[in-house]
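What follows is a short report on a single structure.
Taken together, the values in this text are just the output of simple stated rules run on the coordinates, not laboratory data. Note that this is a predicted model, so its numbers are computed, not measured. Quick reminder, even Gly has a Cβ in these numbers, built from the backbone with ideal geometry, and neighbours come from all protein chains shown.
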Amino acid sequence: MDAVRAKAVKGPGLKVPGIVVLQFLLIFLFEAFEYNFTKVGFFTGLAVLVSFLGGLYLGRPGTSFTNAVNPPIALLISTLILMATFGGTGFSISKIGLELVSALSAVAPWLISGAVIAWAAHFALMRKYSRK
């Protein structure tokens, strides 16, 4: 992992707030683009997977926990914001619940596979740092 990080950025890498902003903006922009044309699906899923991998690639050592936890939260918040603005549902409880379930279920396979990769990397890095 350190060899990959050494090639990623010349400086020490992104801190925790940088990873949070990077992942949220990437997910939000791709989801907004896709939500304007169709419903949430393939491209948003790829953005979620890339945000997991980008956090591992660009983050400092010790930021792997944030990298594993943030993308599902960022996806939920960006989905709620987009449904209230672009989706036209407003904050009607009955409509927003159904839209939220359908949007999150379309991205679920990508979210689960990215989470497995991010948590495996987090535990591998924690094991590596505890041995030193």
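Considering helices alone, the calculated mean residue ellipticity of the chain at 222 nm is -28000 deg cm²/dmol, with DSSP H runs of length four and up weighted by -39500 (n - 2.57) and normalised per residue.
Taking amide H as placed 1.01 Å from N in the peptide plane, the amide H of Leu14 sits under 5 Å from that of Gly59, Arg60, each at least 5 places away or on another chain. P(r) tail, region 2-127: Cα-Cα pairs separated by more than 23 Å, 33% of all pairs. Give the angle, between 0 and 90 degrees and rounded to the nearest 10, that separates the Cα long axis of helix 16-37 from the longest principal axis of the Cα atoms of the chain. So the helix axis and the longest Cα principal axis differ by about 30 degrees. In a simple Cβ point-charge model (Lys, Arg +1; Asp, Glu -1; nothing else charged), the chain has a dipole of about 760 debye relative to its Cα centre. When exposed loop sites are taken as chymotrypsin sites (Phe, Trp or Tyr not before Pro) in a DSSP loop with at most 13 other Cβ atoms within 10 Å, the longest stretch of the chain clear of them is 1-85.
For helix 93-131, what angle does its Cα long axis make with the longest principal axis of the chain, in degrees from 0 to 90 and rounded to 10? Long axis of 93-131 versus the principal axis of the chain: about 0 degrees.
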